[in-house]
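Accompanying notes for the structure given below.
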Amino acid sequence: MVKHYRPPGKKNEGNAARFITRSKAIKQLQVSLPLFRKVCILKGIFPREPKKKVKGNHHTYYHLKDVSYIQHEPLLERLREIRAYQHKVKKAEAKKNPYRATLLRQRSPAYKLDKIVLQRYPKFLDALRDLDDCLTMVHLFAALPAIEGCIEVKRIHNCRRLAHEWQAYISRTHRLRKVFVSVKGIYYQAEVKGHKVTWLAPHPLQQVVTDDDDFNIMLNFLEFYEALLAFANCHLYNSINVKYPPILDPRLEALAADHYALSRYFDANSRSSAWDRQESSLSGSGKVESQQIGPLVEESELRLAQLQHQLSSNEPGALMHLVEDVPGEDEEDNDTRECKKLFKDMKFFLNREVYRDSLLFIIPAFGGIVSWQGDGAPFEEDDDSITHQIIDRPRQDGKICGREYVHPQWVYDCVNARIILPTGDYLVGRDPPPHLSPFVDNDSFQTEGVINRAEAEAEVAKEKRKKMKAHEKQHHHELIMELEGVTDSSSISNIDNLSADREEPDHDYEQVEEDNRIKSEIGLSRRVRGVIEGMRISRQRKKHLDDVIRQRRRNLRT
């Protein structure tokens, strides 16, 4: 039986039927390219890489099901309406009718991303897994300056508010685990609901934005990330029985003391909830009528506002002073208990040259109390209860007795090592120890000598004491020989013998170095060990070639 072949071009099969190019997708959806990019970013649809690119390698491909999924999206129709509305505004401006243009801008339609966030993340744990890029983007735009026609001031303030709310929750619940200061910025890692969330915050420097940067796509991502982080903050705040969004003191907001304002809000909210629980317990099993719910809510809000104003006068040192035994909070694990007690009973004061926001976030997260030099601070520099003062330049005036003056790196190294390190190496004017990354294995971290730095310093002091005892013994031996009238040659020979006897038990430093190198490579993979071995062999080869060249030069001179 003869097999009938289908003529080409009649029906698509395989990759040609499953994938579609971007130009065809735009024609099918009848939208512009920027609008198509925006919808794809909001819906989480990205280009695909088929095994066989039917139209060529210079095209961008999307899955046909993804394009069909976008085609029936209500948001797409809403964006089309907004685009048509913008044409009305432009038409009013072209006709030189500013009153109508202003009126149309005030009545401009808007859209919300609530349903899209719920569709992409049905569970809260799914949202936590994608918070890394979200937090990095929000912290980046919180540090950028406003650009007319591109980045609005309102958006920057919103990003800063969301970032401070996230940091306040992490500091409140002691969930911060690792901190690393790099050239790019400051890396943070927190553990929320059993998931590790890592983000990058830029340094507090003046950001220079060039004309080469295209913010259109970044702003589309930021729009979705703002909605996602707002939902995440709301869920986390409700999990510890704190109302969201927080009501902050306008005086502290004007002084840029958002961390302090949030800590006071946490304290006041927890107290008001405790009072409500006491009243409910005293009322017994009385049922609350639906008509009484409104006055109770107004009374609790009024009580919260009163507590906000009372905290400044009654508790001046309440900065980041967290309330214990908060109802609704998750059970603390061992890491949380350890982090909560690291800076316990310590009071810090920050000089004006120190990066304030980072330390205001880190120190309370590990149980410390902190203040700063400026308006809105909970306590001043002359407070006698201050134990550590963070400075970054030598002080012109005198130092206060009983207070440690340390470099900001001391705080970061203590957080990563989970112990209080000696402050001798972190005094101002000295070169601090190298700031190593904590995002490595704990075993190799201990091998590098970061966690047991105090033990290493104790070993160095022990070696110094041994050397001093040896010199003292040699001095006494020389005095005895002088009293006995021993000649100089014999004394020199005896001293040489003593030094030789003393040098006999010394270790072979080359062997010790080789043993340390082998120990450090035990936990590494085979590929990394091969790379290290290749580097070592290349160094030896280069050293051998240098020796040969030096020997030839010496031969030529002779």
At 1.4 Å probe size, put Arg22, Arg430, Arg83 in order of accessible surface, largest to smallest. Arg430, Arg83, Arg22
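From the cross-link list Lys27/Lys65; Lys27/Lys52; Lys95/Lys154; Lys43/Lys193, which pairs have alpha carbons spaced over 19 Å apart?
As for pairs spanning more than 19 Å Cα to Cα, those are Lys27/Lys52; Lys95/Lys154; Lys43/Lys193.
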With a 1.4 Å probe and all protein chains in place, put Met137, Met481, Met535 in order of accessible area, largest first. Met535, Met137, Met481
Accessible-area order (highest first, 1.4 angstrom probe) of the listed residues Asp126, Asp133: Asp133, Asp126
Given the protein chains as shown and a 1.4 Å probe, how many square angstrom of Ser520 are accessible, to the nearest 10? 60 Å²
For segment 113-251, what does the relative contact order come out to in percent, with C-alpha contacts under 8 Å and a separation of six or more? 28 percent
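If segment 342-437 were replaced by its equivalent ellipsoid, with semi-axes equal to the square roots of 5 times the Cα gyration tensor eigenvalues, what would those be, largest first, whole Å?
So the three semi-axes of segment 342-437 are 19, 16, 13 Å.
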Quick one: which residues, 5+ away or cross-chain, put their amide H under 5 Å from the amide H of Lys178? H built at 1.01 Å from N. Gln189
With +1 on each Lys and Arg Cβ and -1 on each Asp and Glu Cβ, how big is the dipole of segment 342-437 about its Cα centre, in debye rounded to the nearest 20? 260 debye
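With +1 on each Lys and Arg Cβ and -1 on each Asp and Glu Cβ, how big is the dipole of segment 113-251 about its Cα centre, in debye rounded to the nearest 20?
Using Cβ point charges on Lys, Arg, Asp and Glu, segment 113-251 gives about 880 debye.
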Over the heavy atoms of Val181, what accessible area does a 1.4 Å probe trace out, to the nearest 10 Å²? 50 Å²
Charge dipole of segment 15-107 built from unit charges on the beta carbon (Lys, Arg +1; Asp, Glu -1), centred at mean Cα; most positive-end Cα among Leu104, Leu64, Leu35 is Leu104
If contacts are Cα pairs under 8 angstrom and at least 6 residues apart, what is the relative contact order of segment 15-107 in percent? 30 percent
Overall dimensions of segment 15-107 as given by Cα atoms, namely Rg and Dmax in Å: 17.5, 56
I'd like the accessible area for Lys473, computed on protein heavy atoms only with a 1.4 Å probe and all protein chains in place. Round to 10 Å², please. 150 Å²
Residue-by-residue Karplus 3J(HN,Hα) for segment 234-239, coefficients 6.51, -1.76, 1.60, Hz, glycine and proline x: 4, 5, 5, 5, 5, 5
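The values are calculated or read from the model by the stated rules, or taken from the named source; none is laboratory data. Everything numeric here is computed off the predicted structure, so don't read it as measured data. We place every Cβ from the backbone using ideal geometry, glycine too, and count neighbours over all the protein chains shown. Ligands, DNA and RNA are stripped out before the accessible areas are found, and what is left, the full protein with its side chains, is counted by its heavy atoms. Shrake-Rupley method; radii C 1.70, N 1.55, O 1.52, S 1.80 Å.
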